[in-house]
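Okay, so here's the structure we're looking at.
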Amino acid sequence: MKMLALENISRTFANGSAGFKNVSLEAEKGEVIGVLGTSGCGKSTLLRVLSGLDQEYTGHVKVNGNAIKSVHKDIGIIFQEPRLMPWLTALENIAFGLKGAAKKQKQAEEFTNLVGLAGFEGHYPKDLSGGMAQRVSIARSLITKPEILLLDEPFSALDAFTKMQLQDLLLSIWKQYQTTMVLVTHDIDEALYLCDRIIILRGQPGEVYKELTVQQPRPRSRGDAELARQKEEILSFLNLNKTSQEDHYEKSNTPAK
Ligand SMILES: Nc1ncnc2c1ncn2[C@@H]1O[C@H](COP(=O)(O)OP(=O)(O)OP(=O)(O)O)[C@@H](O)[C@H]1O
Ligand SMILES: [Mg+2]
């Protein structure tokens, strides 16, 4: 049985504004699926539907064969900004989703270490850097051991170095827990570095335009030639690479014979 199955789901808004339509997708346990697409094609809307936060969709979303009807304990979500509670310390933010005081402290410490924040347990969000705050939000969503982790541009607000460190952190966590992940990103290199499969959405409302598999074994090299080739391919799918722009320019400027 598939860990995650989307059957022909669509979401449009009451004001007629576009979301996405006819999206079907399946993910096995431990698969990392990337979702790429230009701004406004419905990526965040899609993740909200998967998370159970938005139930105004048509089609079916199933986790382990069961339809999801509300926010689901097996699904964790990480947003672009950390969304921490300013009145709680790093450790308390990480422990927030756990019930039962007894094990709470110990587990929160374990996850604080996992994301590399040992020594910063007592810091409040205002005293953390952007990268540290995002580490807290990663730990907070992992501590409940979700089977599926949804990530909406989790590293896009970070500098290039912190971003690479956190991508590697995510991979090490994935190796340890075999979490199934759906990663929305604008960053093609990030998608190629992290994902097994990449779904490209296009249009408004967004529809699946292409799906490609990244076969390079992990750990991958960021400078890998095959990944660079796939990047070119993705750029052309998104109509963003130089050659396709030149084609377009030539076509629109060549007088009809
Ligand atoms: N609550 C809402 N009510 C009405 N329209 C909405 C709502 N949420 C999103 N939309 C519309 O749905 C479309 C897709 O929005 P969404 O936020 O999913 O895009 P996105 O692909 O995540 O974009 P970005 O890459 O900029 O984050 C947009 O046209 C947006 O205006
Ligand atoms: Mg978005």
If I go through region 38-55 residue by residue, how many of them are on the phi < 0 side of the Ramachandran plot and in a loop (DSSP other than H, G, I, E, B)?
6
Within region 12-32, which residues are more than 8 Å from ligand 1 (Cβ to nearest atom) and buried (at least 22 other Cβ atoms within 10 Å of the Cβ)?
23, 32
Starting from region 20-44, take each residue that is in contact (Cβ under 8 Å) with a residue 12 or more places away in the chain and among the β-branched types (Val, Ile, Thr) and list its partners that are away from ligand 2 (no atom under 11 Å from the Cβ) and part of a loop (DSSP other than H, G, I, E, B), counting only C-beta distances under 8 angstrom and pairs at least six apart or across chains.
32/195; 32/196; 33/195; 33/196; 38/238
Out of 81, 121, 109, I need the residue that is within 16 Å of ligand 1 (Cβ to nearest atom), in contact (Cβ under 8 Å) with a residue 12 or more places away in the chain and either of a type in the set (Val, Ile, Thr) or out of contact with any strand residue (DSSP E or B) (no Cβ under 8 Å at 6 or more places or on another chain) (or both). Which one?
81
What number goes with the only condition from (1) more than 16 Å from ligand 2 (Cβ to nearest atom); (2) without any contact (Cβ under 8 Å) to a residue 24 or more places away in the chain that residue 48 does not pass?
(1)
In region 56-67, what count of residues is obtained for those that are in contact with a helix residue (DSSP H, G or I) (Cβ under 8 Å, 6 or more places away or on another chain) and part of a loop (DSSP other than H, G, I, E, B)?
1
In region 128-154, the residues that are at pLDDT below 95 and in contact with a Lys or Arg (Cβ under 7 Å, 6 or more places away or on another chain)
144
Conditions (1) closer than 12 Å to residue 137 by Cα; (2) modelled with pLDDT under 90; (3) not in a loop (DSSP other than H, G, I, E, B); number of the one not met by residue 92
(2)
In region 192-239, anything assigned to a strand (DSSP E or B) and not hydroxyl-bearing (Ser, Thr, Tyr) is listed as 197, 198, 199, 200, 201, 202, 206, 207, 208, 210, 211, 212
Name the one entry in 56, 28 that is under 24 Å from residue 213 (Cβ atoms), among the charged types (D, E, K, R) and away from ligand 2 (no atom under 16 Å from the Cβ).
28
Restricting to region 124-155, name every residue that is closer than 18 Å to residue 46 by Cα and either small (Gly, Ala, Ser) or within 16 Å of ligand 1 (Cβ to nearest atom) (or both).
150, 151, 152, 153, 154
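So that you can scan it fast, the table gives a plain yes or no per residue for (1) in contact (Cβ under 8 Å) with a residue 40 or more places away in the chain; (2) more than 16 Å from ligand 2 (Cβ to nearest atom):
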position	(1), (2)
168	no, yes
172	no, yes
178	yes, yes
183	yes, no
186	yes, no
199	yes, no
203	yes, no
Condition set surrounded by 16 or more Cβ atoms within 10 Å (Cβ to Cβ) and farther than 16 Å from residue 115 by Cα, scope region 165-188, selection nearest to the chain's Cα centre (by Cα): answer is 183
Would you check if residue 168 is within 27 Å of residue 2 (Cβ to Cβ), acidic (Asp, Glu) and at pLDDT 90 or above?
no
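The values are calculated or read from the model by the stated rules, or taken from the named source; none is laboratory data. This one's a predicted model, so the numbers in the text were calculated from it and none came from an experiment. Counting neighbours? That spans all protein chains shown, and the Cβs are built from the backbone with ideal geometry, glycine included.
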